[in-house]
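Each remark here refers to the structure printed beneath this line.
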Amino acid sequence: MKFTAIIPARYASTRFPGKPLELIGGRPMIQHVYEKAMACQQLSQVIVATDDQRILDCVPSFGGHAQLTSAEHPSGTDRVAEVAQGLVDTEVVINIQGDEPFVRVEQLEQLCSFFSRPEVDIATLAHPIAEEGFIHDPNVVKAVFSASGKALYFSRSAIPFLRGRAVGEWQSFQQHYQHLGLYAYRKEVLLELTQLQASSLEQAESLEQLRWLQADYAIYLAVTPHKSLGIDTPEDLARAEQWWQQQNRV
């Protein structure tokens, strides 16, 4: 089975313009993501999908491959699908966000392993939440899933809600899970997803994956012990630089 990783990288981020080219440890963020993906042996190729010439020019400077896409795409999934449509032999597409410089090879391998099961068309990951504050933070997307690993729902609200338990005590009574923005799809299913109309649940929570659930697509989910370290703001970048320096002290 041939797996291709596609990294959507948009320059004009509302909260942090130009972030794919910001430096962490002296290297552009997009280079960190690309090199982590290349370290996963299951992946046949890695492509950066971008709408900006500056990113397109940067990627070859570190030996990477990039493709220019339309600037009109409403989401990274649509950008990934544009590139995927032109891939002849690829069976499964891994969508790795361009602002996840610390994505781990183990996570990518975990996603690839799903597709030995013929019933899996879409796969993603979740991480156990260890701090109560994250359970109630609307910027942290929560997931609940069945015994077989099918996602039941994703929400910015705390799910499950613990009736009769005071806020501050929830962590002691129920494990909650944070959804990570890593996806894998069979190529033909990815192309189908981008043809769906926005759904009421998606619009209510501003979560694209709810469109897929509402359209009766099954999303399989596995738990990873490694949490997300995505970069959304300059403050996140400063923390990422500090973390990188700590991890790479000689």
Residues that are within 16 Å of T4 (Cα to Cα), among the aliphatic types (A, V, I, L, M) and either exposed (fewer than 15 other Cβ atoms within 10 Å of the Cβ) or in contact with a Lys or Arg (Cβ under 9 Å, 6 or more places away or on another chain) (or both), drawn from the stretch 44-66: A49
Under the condition of being touching a helix residue (DSSP H, G or I) at 6+ places or on another chain (Cβ under 8 Å) and assigned to a loop (DSSP other than H, G, I, E, B), which residue from the stretch 53-86 is nearest to L210 (Cα to Cα)? H73
Exactly one of Y177, Y153, Y183 is under 30 Å from M29 (Cα atoms) and either in contact with a Cys (Cβ under 8 Å, 6 or more places away or on another chain) or touching a residue at least 60 places away in the same chain (Cβ under 8 Å) (or both), and that residue is Y183
Please enumerate the residues belonging to the stretch 82-137 that are small (G, A, S) and in contact with a Leu (Cβ under 9 Å, 6 or more places away or on another chain). A84, A123, A126
In the stretch 105-150, anything surrounded by 17 or more Cβ atoms within 10 Å (Cβ to Cβ), touching a helix residue (DSSP H, G or I) at 6+ places or on another chain (Cβ under 8 Å) and at pLDDT 95 or above is listed as L108, V120, D121, I122, A123, T124, L125, I129, I135, K142
Yes or no: R239 of a type in the set (K, R) and in a loop (DSSP other than H, G, I, E, B)? no
So T50, is it more than 25 Å from L207 (Cβ to Cβ) and in contact (Cβ under 8 Å) with a residue 40 or more places away in the chain: no
The condition from (1) open to solvent by 20 Å² or more (accessible area, probe 1.4 Å); (2) in contact (Cβ under 8 Å) with a residue 12 or more places away in the chain; (3) over 22 Å from T233 (Cβ atoms); (4) more than 16 Å from the chain's Cα centre (by Cα) that T90 misses is numbered (1)
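Give the number of residues within the stretch 92-114 that are of a type in the set (F, W, Y) and either assigned to a strand (DSSP E or B) or within 19 Å of S146 (Cβ to Cβ) (or both). Before the answer, list the steps.
Initially, the stretch 92-114 is screened for residues of a type in the set (F, W, Y), giving 102, 114.
Now drop any that are not either assigned to a strand (DSSP E or B) or within 19 Å of S146 (Cβ to Cβ) (or both), which leaves 114.
Counting residues in the stretch 92-114 that are of a type in the set (F, W, Y) and either assigned to a strand (DSSP E or B) or within 19 Å of S146 (Cβ to Cβ) (or both) gives 1.
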From the list L221, L207, L201, L196, pick out the single residue that is more than 13 Å from A151 (Cα to Cα) and under 16 Å from the mean Cα position of the chain (by Cα). L207
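The values are calculated or read from the model by the stated rules, or taken from the named source; none is laboratory data. It should be emphasised that the depicted structure is a prediction, and the values quoted were computed from it without experimental measurement. Note: ideal-geometry Cβ built from the backbone for every residue, glycine included; neighbour counts use all protein chains shown. Calculation scope for accessible area: heavy atoms of the full protein, side chains included, ligands and nucleic acids excluded. Shrake-Rupley method; radii C 1.70, N 1.55, O 1.52, S 1.80 Å.
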